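Please read the structure below before turning to the comments.
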Amino acid sequence: MAYLALYRVWRPQRFDEVVGQEQTVTALRNGVRENRLAHAYLFSGPRGTGKTSIAKIVAKAVNCEQPQEGEPCNNCSCCQDINNGNFMDVIEIDAASNRGIDEIRDLREKVRVLPAQGKKKVYIIDEVHMLTMEAFNALLKTIEEPPESVMFILATTEPQKIPATIRSRCQGYNFRRLTMEEMKGRLKQVADANQMVVEPAALDIIARRANGGLRDALSTLEQVYSYRGEQISKEDVLDVLGLVDDVFLSRLIDGVWSGDSGQVLQMLATALQQGREAQQIARETTWYLRDLLLYHTTGQDTGFAVVTEASIAALQQHKKAGTARILQALRILADTADKLRFSEGQRFILEMAFLEITALFTREEPPATVSKKQPSPVKTAPVGSREPKEARDTMWNKILAGVKERKIPTHALLCQGRLLGMKDDTVYIGYRRGYKFHKERMEEKPNRDILAEVLQEITGRPLEIQFIFLDDDQYNDIVVQKAKELFGEDIVEIKD
């Protein structure tokens, strides 16, 4: 016998084998038992939640020769043929590849033919939202008044795309995502039946990664089993899915919290070199921040998604960031995870996002942004004179605010530098040597142009920009020496 994937082997064959969807299952089983089934149904919900499986159970139940309390017997010839895909009166149609009006016209002609094997012809149209509007219009009359011997079951993951004229003629059931406990229970059952020894932490990750879809969870379990064999650990699942664990996430947020961009970038580089996916790193960090937010709000474990006992101690330190900043970091990383789905420059986008939240966690928010419509030129100090430190800080905050208004990733690069001062038509901005990445990116034309635009808006005149390195222990760089001569020793001093 040909090999079958786990999700096919474990496809429910009776209503009582379905995981979750209790209300839908109960209503349909009662309808079969009492012979009160509708002529058309619309099953909607996320993928892998049982829509097609339940449609086939309904098809068996209405054709079963010996139904038992609304359940198909799975022993008669009709049930056996449906299970094997050989029953002529159960017709499955993939609307994604049969979406035109010609296919629906052909269906309308065949609907008139009486069942060949069973009591009812059941049409199961999967991904029905893919039909063209002309096809929907052609199907409308048939859906409204089909022959007595015909039943339609439409399935979709996007019910909002179904015309109201079709929805109103169907009895609708919404399929929900399965809970973590429901998922883990079935995964454990499948693992035990196949002599797999799976760590509870590994089941947690598989269930969470499937996002409520049991088919995806079973596919992942099978994938890890093919890779590792019967003994499956948490690390095996992480390797196969390209994920990082909560201890890594805790250390990563440590670097963010302490403002150590070098550590953050190095950890990201190492993870990517080990085959972790950029999108998954962003997603898993989002889950960690979600757990951090819950802990910050309640002060206790309220159903953590990724945090375990190995990393819970770090939450006490990280929660000092405050709710507002955690929420903002969550939004940044959630947006980044979405962008990474369609981007080729994944490493750069991921690094920019983490640099941005590093700046967010370690710096005070700048004052209100400067209006583009009504710029407020700032008078610079005369040539050769020193700006007071307070004036320089005010100028720097205005520059950062203006850059952030235009492009947040550029702001994340710039905020790790320091404004040294201005001389004639040149602005000097210094970076510690550990921030070589930031300096080099700011020297690229797109980022330099944004900064130049902001400077012209603030000062009322075009300015040149000079980026220089600063050494915490000594100032040997020729350009730094020049900056010291122009602006004084205190201006090139870097303070954390």
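Toward the positive end of the charge dipole of the chain, with +1 on the Cβ of Lys and Arg and -1 on the Cβ of Asp and Glu, the farthest Cα among A305, G345, V128 is that of V128. For the chain, the relative contact order is 10 percent, taking Cα pairs closer than 8 Å that sit 6 or more residues apart in sequence and dividing their mean separation by the residue count. Roughly how many Å is it from the Cα centre of the stretch 172-209 to that of the stretch 83-137, as a whole number? Value for the Cα centre distance between the two parts: 33 Å.
Across the stretch 190-298, the mean sequence separation of Cα contacts (distance under 8 Å, 6 or more residues apart), normalised by length, yields a relative contact order of 24 percent.
Here the chain exposes an accessible surface that is 47 percent carbon and sulfur, computed with a 1.4 Å probe and the other protein chains kept in place. Modelled label positions at S168 and K188, each set 7 Å beyond Cα in the direction of Cβ, lie 4.8 nm from each other. Between helix 133-144 and the chain there is an angle of about 40 degrees, using the helix long axis and the longest principal axis of the Cα atoms. Rounded to the nearest 20, the size of the Cβ-charge dipole of the chain about its Cα centre is 1160 debye, with Lys and Arg at +1 and Asp and Glu at -1. A 1.4 Å probe over all protein chains sorts W10, W396 by accessible area into W10, W396, starting with the largest. Counted over the chain, the DSSP beta bridges are approximately 20% antiparallel. When you count the other C-beta atoms within 10 angstrom of each residue and take the mean per peptide, 38-44, 404-410 line up highest first as 38-44, 404-410. With 0.36 nm allotted per residue and the present C-alpha distance subtracted, the I312-V197 stretch has 38.8 nm of extension available. Helix 180-193 axis versus longest C-alpha principal axis of the chain: approximately 60°, rounded to the nearest ten.
Taking label positions 7 Å along the Cα-Cβ direction at both R176 and D239, the computed distance is 3.8 nm, reported to one decimal. When you work out D = kT/(6 pi eta Rh) for the chain at 37 °C and 0.692 mPa s, using the Kirkwood radius from C-alpha pairs as Rh and the Stokes-Einstein form, the result is 120 µm²/s. Between Q223 and S149, full extension at 0.36 nm per residue minus the direct alpha carbon distance yields a gain of 22.4 nm. Which stretch or stretches of the stretch 75-111 have amide N atoms under 17 Å from the point lying 7 Å from Q117's Cα along the Cα→Cβ direction? Backbone N within reach: 75-93.
Rolling a 1.4 Å probe over the protein heavy atoms gives the stretch 157-288 an accessible area of 45 Å² per residue.
Among the listed pairs K60/K119; K339/K436; K60/K121; K60/K141; K339/K398; K389/K439, those whose Cα-Cα separation exceeds 18 Å are K339/K436; K60/K141; K339/K398; K389/K439. When the Cα gyration tensor is reduced to axis lengths a ≥ b ≥ c, the ratio a/c is 1.5 or higher for the stretch 80-136, and with a/b not above b/c it is classed as oblate.
For the chain, the longest principal axis of the C-alpha atoms and the axis of helix 389-406 are separated by about 30°. If we count every other residue with Cβ under 11 angstrom of M133's Cβ, Lys/Arg +1 and Asp/Glu -1, where does the sum land? Around M133, the surrounding residues sum to +1. Here the simple spin-label model places points 7 Å from the Cα toward Cβ, and for N30 and R341 these points are separated by 3.7 nm. Rounded is the label for the stretch 1-110, because a/c, from the alpha-carbon gyration tensor with a ≥ b ≥ c as root eigenvalues, stays below 1.5. The alpha carbons of the stretch 120-238 stretch over 55, 29, 23 Å along the principal axes, in descending order. Length gained on full extension, R325 to D393: 22.2 nm, using 0.36 nm per residue less the C-alpha separation. Positive-end ranking of Q189, F437, T157 along the dipole of the chain, with charges on Cβ about the Cα centre, is headed by T157. Rounded to the nearest 20, the size of the Cβ-charge dipole of the stretch 159-291 about its Cα centre is 980 debye, with Lys and Arg at +1 and Asp and Glu at -1.
The values are calculated or read from the model by the stated rules, or taken from the named source; none is laboratory data. Because the structure is predicted, anything quoted here is derived from the model rather than measured. Heads up, the Cβs are rebuilt from the backbone with ideal geometry, glycines too, and the neighbour counts pull from every protein chain shown. Ligands, DNA and RNA are stripped out before the accessible areas are found, and what is left, the full protein with its side chains, is counted by its heavy atoms. Shrake-Rupley method; radii C 1.70, N 1.55, O 1.52, S 1.80 Å.
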